[in-house]
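Following this message is one structure expressed as structure tokens.
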Amino acid sequence: MPGVYIAYPFCAQKCTFCNFASGVLPKELEPRYVQALVDELRTADWHWTPETVYLGGGTPSNLSVHNLTAILAAVPGGQWREATLEAAPGGLLKETVSGWRSVFINRISFGVQSFVDKELSKTGRKHNAAIVEHEILLLRKQGIESINVDLIAGLPGQTLESWHHSLDWIERLAVPHVSVYMLEVDDDSRLGREIVSGGTRYGAGDIPEDDRIADFYEIAVERLAKMGIPRYEISNFARPGFESIHNLKYWKREPYLGFGADGHSFDDGKRWQNPETALAYVQRIGNPAKTPADAIGEPFFLGLRLAEGIQDEASSHQQAIEQFMRDGLMEKNAGRVRLTSRGVLLSNLVFQEFVTLPDRPTGPAVRSRAGGKSNSALRVLSSG
Ligand code: SF4
């Protein structure tokens with residue numbers, strides 16, 4: 001069943017780890033952007049009704065309810081099976097949540113990243129654990145139970161103790177979905193540029209070693225499983241029944257249309273992509289070029305992200321699979337091939353063997369911000 005992704009790249013601040021084409025954009029650009037979005041949605045060639053809608057960004061929780069209503073009114077359906085909004089914690093009001101409910105938003109993805117003040121302050125985020133707790137309660141009171149919390153493993157200054165502290169908060173809040181991304185600093189981010197120039201701002205000199213970040217990830221896998229939130233995809237963990245229906249479409253190669261800046265689409269065996277920046281998007285002339293989808297290894301590459309793995313079919317990959325099994329990176333069980341725990345940590349290496357797809361998130365690592373380059377087609381991370 002198809003899905004729709006809608007990008008809103010406007011944010012209240014530019015987070016230090018973020019390399020997306022999003023952030024603090026000129027205020028006068030917003031009405032033009034919203035209008036362009038509504039026009040694009042209204043004139044799209046809809047030959048199906050979406051079952052999921054996902055508003056990402058950027059920070060779509062900063063959209064006024066008026067603009068959000070105008071945007072969603074242009075999407076066929078309504079009362080979608082899953083309608084997710086990425087949200088930045090801080091300043092959430094009861095009236096806003098009730099406005100979200102009125103346009104059928106039923107899932108919130110919170111860009112928390114950490115529950116430790118010292119870590120948050122280095123990212124540029126303004127919230128704290130108490131604010132997150134209060135706002136999750138607010139969502140629940142308004143009937144939104146399907147809540148995701150994003151965490152980043154490897155933030156500057158993060159320690160084993162502070163990582164456990166963040167996981168303790170997950171346990172306390174009992175959210176049904178968690179995304180865990182391992183930080184990989186990108187030169188395009190403020191943090192990356194600081195490191196390149198030899199500076200110390202944003203905790204540039206205080207990023208944990210790769211091995212330590214891998215430890216954080218493994219601790220999260222173990223602790224979340226004990227909380228009843230097992231891993232179902234490299235970076236995603238959910239209580240059974242709370243998996244992201246929308247994001248699963250990317251990995252299962254179901255059709256989706258992406259709208260707004262950097263929106264990626266996949267339908268009828270073709271892929272296409274909108275201009276990356278908000279300005280280029282509002283100025284665009286004509287339609288983006290469509291290209292035939294597929295690198296041969298793509299179904300394999302995407303399916304391996306899932307904990308359930310993929311059906312083991314006789315394929316040209318057999319030799320590589322056998323080698324990865326000997327190396328302890330893959331395993332076969334009940335006719336399915338999947339990554340082992342070690343394979344998950346080294347998934348970038350494994351995926352490279354099967355297909356080279358530029359600009360697509362691979363392992364649990366994130367490039368510069370939790371979520372990698374803005375790629376709505378395969379994006380795995382909420383921003384907010
Ligand atoms: S991480 Fe999210 S909130 Fe921060 S600048 Fe990037 S898109 Fe905006």
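Coordinate-derived values only; no laboratory data. None of these values were measured; they are calculated from a predicted model. All Cβ positions, even for glycine, are placed from backbone atoms using ideal geometry, and neighbour counts span all protein chains on display.
Mean residue ellipticity at 222 nm from the helices of the chain, using -39,500 (n - 2.57) per DSSP H segment of n ≥ 4 over the full residue count, to the nearest 500 deg cm²/dmol?
-10000 deg cm²/dmol, from helical runs alone.
May I ask you to derive the FRET efficiency for Met1 and Asp187 from their Cβ-Cβ distance with R0 = 35 Å, giving the value to the nearest 0.05? Write down the numbers at each step before the final one.
Working: r = 39 Å, r/R0 = 1.10.
For Met1 and Asp187, the calculated efficiency is 0.35.
When the convex hull of the Cα atoms of segment 151-299 is projected onto a plane and the area is averaged over all directions, what value comes out in nm²?
Numbers: hull surface 47.7 nm².
If I average the Cα hull's projected area over directions, I get 11.9 nm².
To the nearest 0.05, what FRET efficiency results for Met227 and Phe104 with a Förster distance of 30 Å applied to their C-beta separation?
Working: r = 29 Å, r/R0 = 0.97.
Step by step, r from the Cβ atoms, then E = 0.55.
Right, something else. Between segment 171-212 and segment 60-90, how many Å separate their Cα centres?
A separation of 29 Å, based on Cα centres.
What FRET efficiency comes out for Asp168 versus Arg342 if R0 is 25 angstrom and r is the Cβ-Cβ distance? Round to the nearest 0.05. Please report the intermediate quantities before stating the final value.
Working: r = 27 Å, r/R0 = 1.06.
Plugging the Cβ-Cβ distance into 1/(1 + (r/R0)^6) gives 0.40.
What does the highest-first list of 119-132, 188-201 look like by mean Cβ count within 10 Å? Show your work: numbers first, answer last.
Details: 119-132: 18.8, 188-201: 16.1.
Final packing ranking: 119-132, 188-201.
Determine the gain in length on full extension of the stretch Lys290-Lys94; use 0.36 nm per residue of separation and subtract their C-alpha separation, reporting nm with one decimal. Display every interim value, and only then the final one.
Details: separation 196, 0.36 × 196 = 70.56 nm, distance 4.22 nm.
The span from Lys290 to Lys94 would gain 66.3 nm if fully extended.
Note the full-extension length gain between Asp210 and Arg32 as 0.36 nm times their separation in residues minus their Cα-Cα distance, in nm to one decimal. Walk me through the intermediate numbers first.
On the way: separation 178, 0.36 × 178 = 64.08 nm, distance 4.24 nm.
Contour length minus Cα-Cα distance gives 59.8 nm.
Output the pairs from Lys122/Lys332; Lys27/Lys122; Lys226/Lys249 with a Cα-Cα distance over 32 Å in this structure; if there are none, say none.
Values: Lys122/Lys332 42 Å; Lys27/Lys122 25 Å; Lys226/Lys249 27 Å.
Violating the 32 Å limit, Cα to Cα: Lys122/Lys332.
Which of His165, His134, His66 moves most in a GNM of the chain, Cα contacts under 10 Å?
His66
Taking the convex hull of the alpha carbon atoms in segment 296-356, what volume per residue do you get, in Å³?
Given the Cα convex hull of segment 296-356, per-residue volume reads 73 Å³.
Counting other C-beta atoms within 10 Å, which of Asp187, Asp262 has the fewest, and how do the rest follow? Walk me through the numbers before you get to the answer.
Details: Asp187 12, Asp262 28.
Lowest to highest Cβ neighbour count: Asp187, Asp262.
Output the relative contact order of the chain, whole-number percent, from Cα pairs under 8 angstrom with separation of 6+ residues.
Details: 779 pairs, mean separation 80.6, N = 384.
Relative contact order of the chain: 21 percent.
Cut-off is 10 Å between beta-carbons; in what order do Val4, Val75, Val112, Val282 appear when sorted fewest neighbours first?
Values: Val4 29, Val75 23, Val112 32, Val282 20.
By the 10 Å Cβ count, ascending, the order reads Val282, Val75, Val4, Val112.
On to the next question. Give me a comma-separated list of calculated 3J(HN,Hα) values for segment 247-252, in order, Karplus coefficients 6.51, -1.76, 1.60 applied at θ = phi - 60°, integers in Hz, x for any Gly or Pro.
Once θ is set to phi - 60°, the couplings for segment 247-252 become 5, 4, 4, 5, 7, 9 Hz.
Which are the unpartnered cysteines of the chain, meaning those with no other cysteine Cβ under 4.7 Å from their Cβ?
Taking the Cβ cut-off of 4.7 Å, the unpaired cysteines of the chain are Cys11.
Per residue, what volume in Å³ does the convex hull of the Cα atoms of the chain enclose? Mind showing how you got there, number by number?
Values: hull volume 51.7 nm³, N = 384.
Here the figure is 135 Å³ per residue.
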